[in-house]
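To start, the structure under review is shown below, and the notes come after it.
Only the coordinates and a few stated rules stand behind these numbers; no lab work does. Owing to the predicted nature of the structure, the values given are computational and were not obtained by experimental measurement. Here Cβ is always computed from backbone atoms with ideal geometry, including for glycine, and neighbour counts include all displayed protein chains.
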Amino acid sequence: DAGITQSPRHKVTETGTPVTLRCHQTENHRYMYWYRQDPGHGLRLIHYSYGVKDTDKGEVSDGYSVSRSKTEDFLLTLESATSSQTSVYFCAISPQTGASTDTQYFGPGTRLTVL
Amino acid sequence: KNQVEQSPQSLIILEGKNCTLQCNYTVSPFSNLRWYKQDTGRGPVSLTIMTFSENTKSNGRYTATLDADTKQSSLHITASQLSDSASYICVVKNSGNTGKLIFGQGTTLQVKP
């Protein structure tokens, strides 16, 4: 998984509680992404980061926030978890050298269940 | 609206047989098209990336084709193996500053002995 770890790998939580997912990379890649994957949908971008403390929203950012204080770590926070946020969350990294063919490398995923 | 549609949704084949997965897209402006393989419980892994000028690209037993005029791509798997059982995702990248990726829903392939 290209030097990417996600923690926790599985989590069950209750509606209304805050949840933080962590993505850690050892590749020193500039760009990091958070996606969610749900049945009937392709992977959808939540937030992404293009450098330390530089982040931007994706297409499904409502209810989520992110932070990146170090190159290697990208945190995704569900401020008040809802059942609609039950999903599998993937972190991805990309060197973004400027070549259009830069690949995104995906982590192993975190399965989150909100009861 | 930028969309990527894949067919079939799922497919079952016997080990050793060939198969072809289809991808149609309406993404504009187009930068490149990627095929990813996602094993159950794992993250997607890139198989090929094709730019506008590339018609065919191979990665072992996987061969991707791209027709930029009709906005269609296919992924052909030759002499399938049990380990090919996975979801195959077609992804198109927008050109431009954000370089957004648009993901298809995937085709689930099951290879049976």
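Overview of values
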| item | result |
| --- | --- |
| Under the Debye formula (equal points on every Cα, no solvent term), log10 I(q)/I(0) of chain B at q = 0.12, 0.15 Å⁻¹ | -0.38, -0.59 |
| Positive minus negative residues near residue B:55 (Lys, Arg vs Asp, Glu; Cβ under 15 Å) | -1 |
| Local electrostatic count, residue A:11, Cβ distance below 15 Å [Lys/Arg +1, Asp/Glu -1] | +3 |
| Residue B:61 versus residue A:70: modelled label distance in nm, points set 7 Å from Cα along the beta carbon direction | 4.2 |
| Semi-axis lengths, Å, the protein assembly as shown, gyration tensor of Cα atoms, sqrt of 5 times eigenvalues | 30, 21, 16 |
| Contact order normalised by residue count of chain B, Cα under 8 Å, 6+ apart, percent | 37 |
| Relative contact order %, chain A, counting alpha carbon pairs below 8 Å whose residues are six or more apart | 36 |
| Cα→Cβ-extended label distance, 7 Å offset, between residue B:70 and residue B:112, nm | 3.0 |
| Cα centroid of region B:70-113 to Cα centroid of region A:7-40, whole Å | 23 |
| Length-normalised contact order for region B:4-59 - Cα pairs under 8 Å, 6+ apart - percent | 25 |
| Pairwise Lys count, the protein assembly as shown - Cα closer than 23 Å, eight or more residues apart or different chains | 22 |
| Charge context of residue B:89, other residues only, Cβ under 15 angstrom, K/R +1, D/E -1 | +2 |
| Label-to-label distance, nm, for residues given as residue A:9 and residue B:83 (7 Å Cα→Cβ offset) | 2.0 |
